[in-house]
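So the structure is just underneath, and the comments pick up after that.
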Amino acid sequence: MVRIHSEARAFLRGMAFLSPWLIGFFAFTLVPIALSLYYSFCDFTLLQPPLFKGLANYRYLANDPIFWKVIGNTAIYAVMALPFGLLTALGAAMLLNLKIGGQSIYRTIIFLPSLVPTAAAAMLWLWLFNAKLGLINVALHALGFVNPPGWLTDARWAMPALVLMSFWGIGNTVIIFLAGLQDVPRELYEAANIDGATTFDRIWHVTLPFISPVIFFNLIIGIIATLQIFAVPYIMTQGGPARSTYFYTMYLYDNAFSYLKMGCGNAMAWVQFLIVLVLTALAAWSSKRWVHYEGA
Amino acid sequence: MPSFLTRSLFVFRKLLVGAMIAAAVALLVFGPRAGDKLPKDCVIVDYWEKWTGDEEAGMRQIVDDFNSTVGRDKHIFVRYLSTSGIEQKTLVAAAAGAPPDVAGLYNQDLPQFGALDALEPLDEMAARHGISARQYKKVYWDECHYDGRLYGLVSSAYDLGLYYNKTIFRDRAGALRAAGLDPDRAPRSIQELDQYAKALNEIEPSGRINFAGYIPLEPGWYAGYTCIWFGGSWWNETTHKFTFTDPGVVRAYEWIQSYSKRLGAQQVAQFQSGFGAFASPQNAFLAPTVAMEQQGTFFAQFIHNLKPSMDGQWVAAVFPSFDPKLKDATYCNCDVLAIPRRAKHPEEAFEFIAFVNRQDEMEKLANLHCKISPLAKISPGFLRHHSNPYIRMFDDLAASPNAHPTEPVPILPEVNDELLAFTQQLSLLQVTPEEGLERIQVRLQQKYDEFMEDQRQRHLIR
């Protein structure tokens, strides 16, 4: 009895210390999530009480051509930016892992752009991509390209421009890859050398399997980040030209805060959550085949 | 025994930490304090406004005038706060039960906010202050209403005309005369505008545009109302139906697209991408890379502030219409002062709004903002001393029967976004005017009908 009493007191003491976090979690995370789910089934303008409408918001989205347009745009962006971004980051990390002079300078140069605030970077790239005066087209002119792309003014090139710009911020991903690469035991490379492995063989059979958990981590983070792209196109293109860079989160924002269709905005948020969940689950399921954990 | 260096370093570190703590304490005790010195025995009216820079400075003078006169007598103090995203912040604050007392909105926010019951109707307060339709130019009185209710009063107003660079007209008089055009006047019809533009264009053999006489989408802010000059309208206030397929509307967008067809879609897009920001000396009209531009009354102040060397080198004229019989057509726009629902001090807030709408204060603000007065009665001094030398023309236009207000559609943000996307597709030659307008008519009518049905269910429709 005394023991139960003291265990209960220990539990209550623990809960008391946890309570600030618990209160915050309930008040600012769990309750808003639950309300968001409820509002996704309502017509809610923020200014009046929500009006329950069942699946009306989801049906509206299913029949909305702009909804499918933004899903398409976001998918295209993710398919372009994610694999190329990961490959570029991995390549940069492998180069930065080489034992050469000035290694710390090169690492700093690669990482610095990811420290630039998003809005500042967007304004910078807005001018770099300027079709008439931008440095990129000036350089292309100098190289003999008579009609360089219109970049952000051309519906065919606006998306590739944003993908190119996304490589500017690979610093964080490079750092994580670098940490993984430095964990690869040197003995494995030495053993591979003895067996006559080429550089490609060493990368394919030693490096990649060993850093596969890191690749998996960056893949999941990349899926979430690319599907939630918002700030850069919001500043640079506002979804144009002709909705060619109008992404899912931008349409969600417009629905919620411009058109005051909070119910629709919440429904879009839950659809996005389900998409990210499914893709993450798929990645996790596939990881059984290609991710190798040390000691497993 | 620690060496002298080690002891010195230890002492230095202690002194440094001590100095930093002392500096932090001094900053806390004696440092700057936020907040205005507010009078203690007054009702504080919070006024949120979108303006910054010169426009903010102008409005602050009006606020100071109020606080030192009517406000002092009635124990009301207006506290001005400049904020971006005024529409969203006002709505979110209203939803949270903590709105400002006065919100400086755009006129196009009124239908949406009014439909959502986000604003206090001002009819009774206006009547008590003797404010009525008689005192205003009809177009601006209409702008402040939605569904028969007054939801705001004007703070500043403007309308549109055609600005042209008379120096460029003079320098290229030969080319203009060769095309049978008079370099000493503005174009008088849309067809003439196109001819002037063509004669003034400078295009390389590759198609690259170096200079344009006129580009319909520069700045493109008013593209959705181009139909006014083509005798069309995309909203029928009687039937509450969109009329995007109105022949005047179709003609307007065909005209906009004709420039992309003639000059090349990518060439126009690349040319426009080289324009600097509106409020900069690299503005297309100021650079100059265009000879003519559709702009508001306030543009004269921007020209004077950003490129004073252009003073006296430009002229403002009536923007020409497609049918010369459609005279003095213009689009009128304004900023409004409104009282959000659940504002703490609506009566005191209206005292300030009524003060801004007094003839003397309204003309003072209009002068500071280089805009017209929305009031029917104008003092002769206002027109004589205004910073825009063509203020009389702009004022007459706003009083004309063909002065067109913003359409009172409660889903205007969606309409604007659809029109913007459509206009971009149009200029890139991705869609014809007929098929694009047909598509957005169907889509927007459905959205409007759904919105009104929801409002009926909420008993918000009278």
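What follows is calculated from the coordinates using simple rules that are stated; it is not laboratory data. The model shown is predicted, which means the values in this text are computed figures rather than measured ones. Using ideal geometry, Cβ is built from the backbone for each residue, glycine included, and neighbour counts are taken over all protein chains shown.
Some values worked out for this structure:
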read-out	value
For residue A:96, net neighbour charge (Lys/Arg +1, Asp/Glu -1) across residues whose Cβ lies under 15 Å away	+1
Ascending count of other beta-carbon atoms within 10 Å, so fewest first, for A:159, A:80	A:80, A:159
Kyte-Doolittle mean at least 1.0, axial Cα span of 20 Å or more - DSSP H helices of chain B	B:4-30
Computed over chain B: relative contact order in percent, which uses C-alpha pairs under 8 Å that are six or more apart	24 percent
FRET efficiency for residue A:112 and residue B:79, using Cβ-Cβ distance with R0 set to 41 Å, rounded to 0.05	0.45
Shielding by partners, peptide A:258-264 (average Cβ within 10 angstrom, other chains)	5
Within straight-line cross-link reach of residue B:344, lysines at Cα separation under 25 Å, skipping those fewer than 8 residues along the same chain	B:37, B:40, B:50, B:74, B:89
Number of partner chain Cβ atoms within 10 Å, mean per residue of B:107-113	1
Label-point gap, in nm, between residue A:199 and residue A:156 - each point 7 angstrom along Cα→Cβ	3.6 nm
Paramagnetic reach from residue A:231 in the range A:119-144 [backbone N under 16 Å; point 7 Å along Cα→Cβ]	A:119-126
Shielding score for B:272-280, defined as the mean number of other chain Cβ atoms within 10 Å	3
Chain A: calculated mean residue ellipticity at 222 nm from DSSP helix runs of at least 4, using -39500 (n - 2.57)	-20000 deg cm²/dmol
Beta bridges per DSSP with both ends in chain B, % antiparallel, nearest 5	65 percent
Cα lying deepest toward the dipole's positive end in the protein assembly as shown, options A:26, B:416, A:111, charges on Cβ	A:111
Mean Cα-pair separation over length for chain A, i.e. relative contact order, pairs under 8 Å, 6 or more apart, %	27 percent
Local electrostatic count at residue B:202 - Lys and Arg +1, Asp and Glu -1, tallied over other residues with Cβ under 15 Å	+3
Amide proton proximity set for residue B:403, modelled H, under 5 Å, gap of 5+	B:330
Leading residue at positive end of dipole, the range A:65-290 (Cβ point charges), from A:130, A:78, A:185	A:130
Relative exposure of B:56, B:120, judged by other C-beta atoms within 10 Å (fewest first)	B:56, B:120
Given charges at beta-carbon only (K, R positive; D, E negative), |dipole| of the range A:65-290 in Debye	400 debye
For a label point 7 Å along the Cα-to-beta-carbon line of residue B:461, residues of the range B:392-417 with backbone N under 15 Å	B:409-411
Given charges at Cβ of Lys, Arg, Asp, Glu: the protein assembly as shown dipole, positive-most of B:85, A:41, A:220	A:220
Protection proxy ranking, peptides A:20-33, B:335-348, A:120-133, average beta carbon neighbours within 10 Å, highest first	B:335-348, A:120-133, A:20-33
Per-pair calculated FRET efficiency, R0 = 22 Å: residue B:278 and residue B:206 via Cβ, rounded to 0.05	0.20
Isotropic mean projected area of the C-alpha convex hull, the range B:55-165 (nm²)	9.4 nm²
Footprinting exposure proxy for A:94, B:362, A:165, B:20 (fewest neighbouring C-beta atoms within 10 Å first)	B:20, A:94, A:165, B:362
Part-to-part distance (alpha-carbon centres) for the range B:204-245 and the range B:336-362, which is given in Å	35 Å
Using a Förster distance of 25 Å, the FRET efficiency for residue B:37-residue B:359 (Cβ separation, nearest 0.05)	0.20
Summed residue charge, Cβ within 13 Å of residue A:149's Cβ, Lys/Arg positive, Asp/Glu negative	+1
Dipole moment magnitude, nearest 20 debye, chain B about Cα centre, only Lys, Arg, Asp, Glu C-beta charged	1280 debye
Inter-probe distance in nm under a simple model that places probes 7 Å from Cα toward Cβ, at residue B:24 and residue B:106	4.6 nm
Percent of alpha-carbon pairs separated by more than 47 Å within the protein assembly as shown	34 percent
Inter-centroid distance (Cα atoms) of the range B:288-317 relative to the range A:36-94, Å	43 Å
Built amide H within the under 5 Å cut-off of residue B:201, gap 5+	B:213
Where labels lie 7 Å past Cα in the beta-carbon direction, separation of residue A:94 and residue A:221 in nm	2.0 nm
For residue B:376, residues with placed amide H under 5 Å, excluding near neighbours	B:136, B:137
Under 17 Å from residue B:138, Cα to Cα: aspartates and glutamates that are on another chain or at least 8 residues apart	B:123, B:147, B:159, B:237, B:328, B:335, B:395, B:396, B:407
Rounded to the nearest 20 debye, dipole of the range A:1-123 from Cβ charges on Lys, Arg, Asp, Glu	340 debye
Cα gyration tensor category, rounded, prolate or oblate, for chain A with a/c compared to 1.5	oblate
The range A:178-209 and the range B:422-462: distance between their alpha carbon centers, rounded to Å	60 Å
Protection-proxy order for peptides A:193-203, B:262-272, each taking the mean of Cβ atoms within 10 Å per residue, highest first	B:262-272, A:193-203
